[in-house]
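Let me begin by presenting the structure, written as structure tokens, before commenting on it.
Laboratory data are not the source of any read-out in this text; all were calculated from the coordinates shown. It should be emphasised that the depicted structure is a prediction, and the values quoted were computed from it without experimental measurement. No Cβ is skipped: glycine too gets one built from the backbone with ideal geometry, and neighbour counts run over all protein chains shown.
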């Protein structure tokens, strides 16, 4: 059973529907015990970093996520969930979970034709095609993004894929049993569904 973390950030139901489409059972839960005992965890999210962290801390989900990770549970962070996995966010100068060292940075002022938030379909450049979550992603691909801040993990070797919106940024990273993507696989059509299906079979070496 996959547990989808519910912390009032975004629409976890869309993630659950996508998992059902690839034949995976899941439950949406705000209960930290469900996170601790999960076979796999998806940590999605849309919204403001500070308010999201406050809910995680109030519900005890921050510690539950740390414990799940320490136990070797495969965890997938999506969008704000990916951002909160890093050390600090410039959004509200927020201390995050620090599951992986790194910063979440606001897009700088961009040319007029490039809007912030970065919203819509964009190509990712896969840097580690052998990683189980990205195997088979074609060079001509598009995933769906919605974000005003971008991932900047401290360890460049952890970056699985990049994308570009006025600057090149990490679109996905992984460290041991944690993987994180800035885009929304549940909104990214067949390629996103394929990534989620691969997550259901991912057995990371911790």
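Between residue 25 and residue 128, the modelled labels are 3.1 nm apart [label points 7 Å from Cα along Cα→Cβ].
Taking the convex hull of the alpha carbon positions in segment 84-129 and averaging its projected area over all directions gives 4.8 nm². Note on segment 105-181: the C-alpha convex hull projects to 5.2 nm² when averaged across all orientations.
Counting neighbouring beta carbons within 10 Å and listing from fewest to most, the residues 91, 113, 39 come out as 113, 39, 91. Build a GNM of the chain with springs between Cα atoms under 10 Å apart, and of 24, 170, 64 the one that fluctuates most is 24. The Stokes-Einstein estimate for segment 45-156, based on a Kirkwood radius over Cα pairs and taken at 10 °C with 1.306 mPa s viscosity, is a diffusion coefficient of 103 µm²/s. The tail of the calculated P(r) for the chain, taken as Cα-Cα distances beyond 21 Å, holds 47 percent of the pairs.
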